[in-house]
Amino acid sequence: MQHGRKAKVRELPKAARPPRAAQIERKTRETEIAVTLKLDGTGRAEIDTGVPFLDHMLESFARHGYFDLKVKARGDLHIDDHHTVEDVGISLGRAFRAALGDRSGIRRFGDAAVPLDEAVCTAIVDLGGRSYLEYNMPIAQERVGSFQTELVHDFMKALSDEAGMNLHLNLGGGRNPHHIIEAAFKALARAMDQAVAIEPRQCGVPSTKGTLTT
């Protein structure tokens, strides 16, 4: 053996983390919904719910959360938008729950404040497995176009329940209902991006209980 020459060290390949993705299908007498979600995406979206304003919000959510998201929904829109909007929230929440698995290694918490002109909204997220929604988003107007603004609450409640997360949405100010709702979806996207991110210092589940799924 020659002195002064460093021995070559062969590094073993690191174990690949399985893809964090999910496909959810949900069918009732009122709606039929298919959701495909990839957490570690680039913000690509293919959205077709039959509710144009919801499509716009989900496209913004995917883009600013860097989620790859496909949503296809058909519902009883001849009655109103309620069943479709709520059931899309249910299905998206279930997709997050499935994609997160046992939630090992995630950062768990996230928060973001996002402005849109005169409107500003803050979203705070805890992916701790417990469902809770604090919705402080008073919107004076009943509609944005044909979309009922109160359906935003129904969507967020369904999403937080099914994903198993605490979600606090707070309106700091705003006049235009489109701006307010879009700021909320973008803030949620940024907070979710933080919360689902892998924390390299985290070994196992980020909880002293040892689980975030029961």
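Tabulated data
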item: Cβ-Cβ FRET estimate between residue 21 and residue 136, R0 fixed at 25 Å, reported to 0.05; result: 0.20
item: Highest average packing first - 87-99, 31-43, Cβ atoms within 10 Å; result: 87-99, 31-43
item: Contour minus Cα-Cα distance for residue 80 and residue 104 (0.36 nm per residue); result: 4.7 nm
item: Estimated FRET transfer efficiency when R0 is 41 angstrom, pair residue 118-residue 201 (beta carbons, to 0.05); result: 0.55
item: For residue 133, distant residues with modelled amide H under 5 Å away; result: 167
item: In Hz, Karplus ³J(HN,Hα) per residue of the range 179-194 (6.51, -1.76, 1.60; θ = phi - 60°; x = Gly, Pro); result: 4, 4, 5, 5, 4, 5, 5, 5, 5, 4, 4, 5, 5, 5, 4, 5
item: Karplus-derived 3J(HN,Hα), 6.51/-1.76/1.60, for each residue of the range 116-132, Hz, glycine and proline x; result: 9, 6, 7, 9, 9, 9, 10, 10, 10, 10, 10, 8, x, x, 9, 8, 7
item: Cut-off 13 Å between beta-carbons: net charge of the residues surrounding residue 29, Lys and Arg +1, Asp and Glu -1; result: -1
item: Neighbour net charge for residue 68 - beta-carbon separation under 10 angstrom, K R +1, D E -1; result: +1
item: Peptides 185-195, 105-115, 69-79 ordered by average Cβ neighbours within 10 Å, highest first; result: 185-195, 105-115, 69-79
item: Residues of the range 72-214: accessible area per residue with a 1.4 Å probe, Å²; result: 44
item: Carbon plus sulfur fraction of accessible area for the chain, probe 1.4 Å, in percent; result: 49
item: Calculated from backbone phi, Karplus (6.51, -1.76, 1.60) coupling profile of the range 43-56 in Hz, x at Gly/Pro; result: x, 7, 9, 10, 10, 8, 9, x, 10, x, 5, 5, 4, 4
item: 5 angstrom amide H check on residue 197, placed H, neighbours 5+ away; result: 107, 108
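The values are calculated or read from the model by the stated rules, or taken from the named source; none is laboratory data. A quick note: this is a predicted structure, and the numbers were derived from the prediction, not measured. So basically every Cβ, Gly included, is an ideal-geometry build from the backbone, and we count neighbours across all protein chains shown. Surface accessibility is based on the protein's heavy atoms, side chains included, excluding ligands, DNA and RNA. Shrake-Rupley method; radii C 1.70, N 1.55, O 1.52, S 1.80 Å.
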